[in-house]
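Q: Dumping the structure here so I can ask a few things about it.
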Amino acid sequence: MIGAGAQADLMVRGLRTLRPCGPLLVHDLHPERAAAFAARHDGRVVTSPQAVAAEAGIVPLATWSRTPLLHLADTRPGQHLTNLGADEPGKRDAPDRVIDLLSPGGLLVLDDFTPSPDWPPRFKGAVDHLRLHYLTHPSLDATEVLTTPDSSAVVATRRDRGQGPAALSS
């Protein structure tokens, strides 16, 4: 767990409700908050986001950070990353960075979009460039799914490198 606030607490409790998990590793900018969180959840404090990613198969991120905490080199194939960071203006991962982290065949789910009957998709009257980026990216097979009458999600998978029009140069 990267972050040790209220959202992190909800993520850990929810994840443990859904599936058995291994040991909980916790990192937060405030070591005392990380220690209290680890104690509440029978976890262990580590020194950095990279230390969490080095050991954990599932890496939830719930932070206020406006800069990347993990890079592709910090992750490994098959690792599950969940990020709750883009919850207010000015907080969002760079879309191409998100796609770079996705392994071929990996699944990407982006939720909390407002459904749009138009193409290109719109939000508050303007083209929703972020949603459009994911839906049309040449490295992804993507679609939008209505999750409730007033919410949708983009679901995508990364195409295998070197196949078809999505071939990426090295």
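Q: Between V52, V109, V145, which is part of a helix (DSSP H, G or I), among the β-branched types (V, I, T) and either crowded, with 19+ Cβ neighbours inside 10 Å or out of contact with any Phe, Trp or Tyr (no Cβ under 9 Å at 6 or more places or on another chain) (or both)? Walk me through how you get there before you give the answer.
A: Numbers: V109 fails: part of a helix (DSSP H, G or I); V145 fails: part of a helix (DSSP H, G or I).
Every option except V52 fails the conditions.
Yes/no per residue for (1) surrounded by 13 or more Cβ atoms within 10 Å (Cβ to Cβ); (2) modelled with pLDDT of 95 or more; (3) farther than 16 Å from D100 by Cα:
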| residue | (1), (2), (3) |
| --- | --- |
| P23 | no, no, yes |
| R33 | yes, yes, yes |
| A36 | yes, yes, yes |
| D42 | no, no, yes |
| L61 | yes, no, yes |
| L69 | yes, no, no |
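Q: Okay, moving on. Only one residue in S48, S139, S65 is modelled with pLDDT of 85 or more, hydroxyl-bearing (S, T, Y) and closer than 30 Å to G22 by Cβ, so which one is that?
A: S48
Q: So, one more: Please state which of the following conditions N83 fails to meet, knowing it meets all the rest: (1) modelled with pLDDT of 80 or more; (2) within 21 Å of R16 (Cα to Cα); (3) open to solvent by 70 Å² or more (accessible area, probe 1.4 Å).
A: Going through (1) modelled with pLDDT of 80 or more; (2) within 21 Å of R16 (Cα to Cα); (3) open to solvent by 70 Å² or more (accessible area, probe 1.4 Å) one by one, N83 breaks only (1).
Q: Within the set of pairs 6+ apart or on separate chains, which have a first residue in the stretch 3-17 that is under 20 Å from H30 (Cβ atoms), a second that is part of a helix (DSSP H, G or I), and C-beta atoms under 6 Å apart?
A: A4/R33; A4/A34; A4/F37
Q: Right, next: For S151, indicate whether it is more than 25 Å from M11 (Cβ to Cβ), open to solvent by less than 50 Å² (accessible area, probe 1.4 Å) and either modelled with pLDDT under 85 or in contact with a strand residue (DSSP E or B) (Cβ under 7 Å, 6 or more places away or on another chain) (or both).
A: no
The values are calculated or read from the model by the stated rules, or taken from the named source; none is laboratory data. Bear in mind that the values here come from a model prediction, so they are computed numbers and not experimental data. In this analysis, Cβ positions are derived from the backbone assuming ideal geometry, glycine residues included, and neighbour counts consider all displayed protein chains. Remember, those area values only see protein heavy atoms, side chains included, never the ligands or the DNA or RNA. Shrake-Rupley method; radii C 1.70, N 1.55, O 1.52, S 1.80 Å.
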